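A.B. asks: Before anything else, here's the structure in question.
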Amino acid sequence: MPIIEFENVTKTFSTPAGPVAAIDGIDLSIEKGEIFGIIGYSGAGKSTLVRLVNGLERISSGRVVVDGVDISTIPESALRPVRSRIGMIFQQFNLFRSRTVAGNVAYPLRVAGWPKDKRDARVAELLHFVGLLEKAHSYPDQLSGGQKQRVGIARALATNPNILLADESTSALDPETTQDVLALLQKVNKEFGITILVITHEMDVVRRIADRVAVLDSGKVVEQGTVFDVFSNPQTPTARKFISSVLHTEPDENDLERLRGRHEGRIVTAQVSDGSRLGAVLSDAGRHGVRFELVFGGIGSLQQKSFGSLTLELIGPDAGVDEVIAELRAITEVEEVAA
């Protein structure tokens with residue numbers, strides 16, 4: 001069941017050069033309880049999209065429904081109950097330096113009017129959950145980046161939200177700390193059933209925790225689907241560029257130039273996925289007078305499925321190589337590299 005829906009949503013800003021569409025006709029449906037990734041380069045419209053979800057920006061046209069409420073036309077006063085069900089995690093943590101860790105987590109509870117005994121109990125519960133109970137009386141400047149983000153997550157969970165917005169929440173962290181924070185977000189999703197919308201420019205973040213992903217480019221969703229489908233068979237140049245940043249299974253121009261210099265046979269790249277029978281075809285290539293050599297590629301696993309690509313040198317008579325390529329194309333996508 002969708003918990004966030006965008007229906008033909010546009011957001012236009014006025015500039016000295018004229019109106020600019022930061023969000024341009026987006027249709028998007030995010031299911032309750034999933035981790036959904038929004039990925040795009042700087043200027044793609046990611047931050048604007050987040051601000052449309054919590055009503056900090058109003059749409060120019062279309063319709064946005066959040067947790068069953070159409071927030072497109074309701075007044076500011078009616079947005080407050082909607083926002084109370086949305087937690088926010090920031091790139092730069094946004095903690096109060098003058099407040100202790102416990103004080104930072106307690107802040108939204110104070111604003112919401114929780115009595116002190118219930119505030120204290122909730123703060124202790126959340127700090128235990130994120131593994132920072134012993135840091136309750138420390139100040140943000142005494143914490144590492146990963147610890148600060150854990151405090152940010154605890155604070156975002158304080159009022160029992162249904163939705164968590166993570167806007168570039170690991171961009172300021174080193175790789176090891178990033179993995180710890182992503183594991184914590186997965187724990188939040190699994191144990192509390194909270195829907196998490198992850199906004200990022202890092203494809204590795206999407207690969208590690210998201211169920212589905214939408215690729216944003218110039219304010220438009222250019223591709224969306226399960227993380228496995230987008231990774232294993234990207235349909236747009238933008239998606240392929242993102243995926244190549246974390247998976248280098250297909251040769252680029254430099255790789256191809258090197259391969260052509262070393263191999264005299266015909267070079268093909270074949271896609272690999274669960275159930276593909278590449279091995280059977282290749283092991284039978286000898287009957288066509290063809291032998292092969294693996295010269296590039298790799299196979300990975302995502303969402304319990306295998307995918308990747310193998311670049312092969314096929315050596316033998318042209319007619320035989322043609323037969324092998326035809327048999328490969330009958331079971332998967334194959335691209336022959338021009339000499």
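All of the numbers you see were taken from the coordinates with simple rules; none came from a lab. As the structure is a computational prediction, the values presented were derived from the model and not from experiment. Using ideal geometry, Cβ is built from the backbone for each residue, glycine included, and neighbour counts are taken over all protein chains shown.
A.B. asks: Please give the peptides 14-23, 249-258, 85-94 ranked by average Cβ packing (other Cβ atoms within 10 Å per residue), highest first, as a rough proxy for protection.
C.D. replies: Listed from highest to lowest mean packing, they are 85-94, 249-258, 14-23.
A.B. asks: Under a crude label model (7 Å from the Cα following the beta-carbon direction), how far is Val222 from Lys190 in nanometres?
C.D. replies: A separation of 3.4 nm, rounded to one decimal place.
A.B. asks: Within the set Lys11/Lys241; Lys116/Lys148; Lys46/Lys187; Lys148/Lys241, which residue pairs have Cα atoms separated by over 30 Å?
C.D. replies: Lys148/Lys241
A.B. asks: With runs of 4+ DSSP H residues as the only contributors, calculate the mean residue ellipticity of the chain at 222 nm using -39,500 (n - 2.57) per run, divided by the residue total and rounded to the nearest 500.
C.D. replies: Rounded to the nearest 500, the figure is -10500 deg cm²/dmol.
A.B. asks: Let me ask another. Roughly what % antiparallel, to the nearest 5, for the DSSP beta bridges in the chain?
C.D. replies: Percentage antiparallel, nearest 5: 70.
A.B. asks: Could you identify which residue out of Ile199, Ile315, Ile26 has the top mean-square fluctuation in a GNM of the chain using Cα springs shorter than 10 Å?
C.D. replies: Sorting by GNM fluctuation, first place goes to Ile315.
A.B. asks: Tally Lys/Arg at +1 and Asp/Glu at -1 over every other residue whose Cβ is under 13 Å from the Cβ of Gln92; what's the total? Mind showing how you got there, number by number?
C.D. replies: Numbers: positive: Arg97, Lys148; negative: Asp167, Glu168.
Residues near Gln92 contribute 0 overall.
A.B. asks: May I ask you to compute the full-extension gain from Ser306 to Glu264, defined as 0.36 nm times their residue separation minus their alpha-carbon distance, rounded to one decimal in nm?
C.D. replies: The Ser306-Glu264 span can extend by a further 12.1 nm.
A.B. asks: Still on this structure, I have one more. Using a simple spin-label model with points 7 Å from Cα along the Cα→Cβ vector, what separation in nm is obtained for Ser61 and Lys241?
C.D. replies: Here the answer is 2.7 nm between the modelled labels.
A.B. asks: I'd like the FRET efficiency for Gln142 and Asp117, computed as 1/(1 + (r/R0)^6) with the beta carbon distance as r and R0 of 22 Å, rounded to 0.05. Present the calculation step by step, with values, prior to reporting the outcome.
C.D. replies: Values: r = 27 Å, r/R0 = 1.22.
Rounded to the nearest 0.05, the efficiency is 0.25.
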